[in-house]
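Peer 1: Sharing a structure with you now.
The values are calculated or read from the model by the stated rules, or taken from the named source; none is laboratory data. Only a predicted model underlies this, so the values are computations on that prediction, with no experimental measurement involved. Don't worry about glycine lacking a Cβ; one is built from the backbone with ideal geometry, like all the others, and counts go over all protein chains shown. Please note that ligands, DNA and RNA were not included when accessible areas were found on the heavy atoms of the full protein model with its side chains. Shrake-Rupley method; radii C 1.70, N 1.55, O 1.52, S 1.80 Å.
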Amino acid sequence: MRSLILWTLLLFSTAAFATETRLVVRARARDGKFVGTSMGGVQVVLRDAQTGQVLASGVTAGSTGNTQTLMKQPQARGTPLADDASAKFTATVDLAEPRLVTVEVSGPLAQRQALATSTTQLWLLPGKHVEGDGLIVELPGFVVDVVTPSAHEFLKLAGDKKLTVPVRANLTLMCGCPTEPKGLWDSSRYDLLATVKHNGKPLTQVPMKYAGKTSTFEGELSVQQKGIYEVTVTAFDPTTGNAGVDHTTFVVE
């Protein structure tokens, strides 16, 4: 009984000394801006690094940030990268003692085929808020979204004639930042390729070129046989290492 009383007193004592502590978390696309509401944000989860207990979770919301600040002007040490509108999630935890925290960000949530997860750790101290820019976690990669042919589309092959199938995809950074030749995100240095299988066997590869519309790329596939076709579109930036992948299938009858 005595030990139970002491344990209860200790528990209440610890809770009484717990201090509210805030941590601002932001996700930034590699070579890009913040991942915000326009891309569905990212899921943020804070866990106790030792026990795995979830301390806080939520989704970043807000804008992608100031293009001039993030992408154009030199970034001097100590200069804020985020403004009041920049996407963030503010986690609030009660701490009675220093705690090593694992922070996990996963997104972009509006483009699940491109979802990636980045994880880091930091010490949180009771009452010592990490605000302003807060903790900025990088998300590498591209968002590739195949729009043509649509998923499981059925196409007709007329006799012995060849069927030309357009392959079209949308390509942005993880923040939704647009890509185009000679643009701020210059697609002329990217490698875009559609790899095609026919009935599960490798068939051909089709280079993807800029389609004249921002973030849109296209190629043409010549089809001569009936069956099921799998198309995998890949994008790669050799300068930053950003890569992205999306898939679709179509059926030729």
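Peer 1: If you project the alpha carbons of the range 146-253 onto their three principal axes, what span does each projection cover, largest first, in Å?
Peer 2: Reported extents, whole Å, longest axis first: 47, 25, 19.
Peer 1: Something else now. Using only Cα atoms, tell me the angle between helix 2-17 and the longest principal axis of the chain; keep it within 0 to 90° and round to the nearest 10.
Peer 2: The angle comes out near 70 degrees.
Peer 1: Just to check I understand the Karplus step: with θ = phi - 60° and J = 6.51 cos²θ - 1.76 cosθ + 1.60, what whole-Hz values come out for the range 188-201, glycine and proline as x?
Peer 2: Coupling constants for the range 188-201: 5, 9, 8, 9, 10, 8, 9, 9, 10, 10, 10, 6, x, 10 Hz.
Peer 1: Amide H to amide H under 5 Å from residue 211: which residues, 5+ apart in sequence or cross-chain, H placed 1.01 Å off N in plane?
Peer 2: 216, 217, 218
Peer 1: Moving on. When the label point is put 7 Å from the Cα of residue 157 along its Cα-to-beta-carbon vector, which residues of the range 218-253 have a backbone N closer than 14 Å?
Peer 2: 222-230, 250-253
Peer 1: A further question on this structure: Whenever you get a sec, compute what percent of the accessible area on the chain sits on carbon and sulfur atoms (1.4 Å probe).
Peer 2: Reported share for carbon and sulfur atoms: 52 percent.
Peer 1: Now, a different point. I'd like the accessible area for residue 150, computed on protein heavy atoms only with a 1.4 Å probe and all protein chains in place. Round to 10 Å², please.
Peer 2: It works out to around 60 Å².
Peer 1: First select every other residue whose beta carbon is under 9 angstrom from the beta carbon of residue 24; then total the charges, Lys and Arg +1, Asp and Glu -1.
Peer 2: Here the charged neighbours net out to +1.
Peer 1: Then there is this: About the Cα centre of the range 70-200, how large is the charge dipole given +1 on each Lys and Arg Cβ and -1 on each Asp and Glu Cβ? Please answer in debye to the nearest 20.
Peer 2: On the way: 13 positive and 14 negative charges, 127 e Å.
Magnitude of the dipole: close to 620 debye.
Peer 1: Sticking with this one: Pick out, from 178, 249, 202, the residue whose Cα sits farthest towards the positive end of the charge dipole of the range 173-253, with +1 on the Cβ of Lys and Arg and -1 on the Cβ of Asp and Glu.
Peer 2: Farthest towards the positive pole: 202.
Peer 1: Projected onto the charge dipole of the chain (+1 at Lys/Arg Cβ, -1 at Asp/Glu Cβ, origin at the Cα centre), which of 17, 227, 106 gives the Cα projection farthest towards the positive end?
Peer 2: 227
Peer 1: A follow-up question, please. Name the residue farthest towards the positive end of the dipole of the chain from the options 144, 120, 32, assuming +1 on Cβ of Lys and Arg, -1 on Cβ of Asp and Glu, about the Cα centre.
Peer 2: Looking along the dipole axis, the top candidate is 144.
Peer 1: I would also like to ask the following. Rounding to the nearest 20 debye, state how big the charge dipole of the range 160-253 is about its Cα centre with +1 on each Lys and Arg Cβ and -1 on each Asp and Glu Cβ. Numbers along the way, then the final one.
Peer 2: On the way: 10 positive and 10 negative charges, 41 e Å.
Using Cβ point charges on Lys, Arg, Asp and Glu, the range 160-253 gives about 200 debye.
Peer 1: To continue, here is another question. Find the relative contact order for the range 60-146 and round it to a whole percent, using C-alpha pairs within less than 8 Å whose residues are 6+ positions apart.
Peer 2: Once divided by the residue count of the range 60-146, the mean separation gives 26 percent.
Peer 1: For labels at residue 186 and residue 147 in the simple 7 Å Cα→Cβ model, what's the distance in nm?
Peer 2: Between residue 186 and residue 147, the simple spin-label model gives 2.5 nm.
Peer 1: Could you list which residues have their amide H under 5 Å from that of residue 36, counting only those 5 or more apart in sequence or on another chain, with H placed in the peptide plane?
Peer 2: 41
Peer 1: Compute the accessible area per residue over the chain, keeping the other protein chains in place, probe 1.4 Å, unit Å².
Peer 2: Dividing the accessible area of the chain by its residue count gives 54 Å².
Peer 1: Using a 1.4 Å probe on the protein heavy atoms only, what accessible surface does residue 94 show? Give it in Å² to the nearest 10.
Peer 2: Residue 94 exposes around 110 Å² with every protein chain in place.
Peer 1: Given (i) 1.21; (ii) 0.93; (iii) 1.34 as candidate values of Cα Rg over 2.2 N^0.38 Å, which corresponds to the one derived from the coordinates?
Peer 2: Among (i) 1.21; (ii) 0.93; (iii) 1.34, the one calculated here is (iii).
Peer 1: Scan the range 49-124 for trypsin sites (Lys or Arg not before Pro) in coil per DSSP, keeping those whose Cβ has at most 12 other Cβ atoms within 10 Å, and list them by number.
Peer 2: Answer in residue order: 77.
Peer 1: In a GNM of the chain with a 10 Å cut-off on Cα contacts, which of 58, 183, 159 has the highest mean-square fluctuation?
Peer 2: 159
Peer 1: A further question follows. Which value, in debye to the nearest 20, describes the size of the charge dipole of the chain about its Cα centre when Lys and Arg Cβ atoms bear +1, Asp and Glu Cβ atoms bear -1, and nothing else is charged?
Peer 2: Values: 24 positive and 23 negative charges, 48 e Å.
The calculation lands at about 220 debye.
Peer 1: Which values of log₁₀ I(q)/I(0), to two decimal places, follow from the Debye formula for the range 19-160 at q = 0.09, 0.15, 0.17 Å⁻¹ with a uniform point scatterer at every Cα?
Peer 2: -0.34, -0.77, -0.93
Peer 1: Could you tell me the extents of the range 40-116's C-alpha atoms along the three principal axes, largest first, rounded to whole Å?
Peer 2: 42, 35, 18
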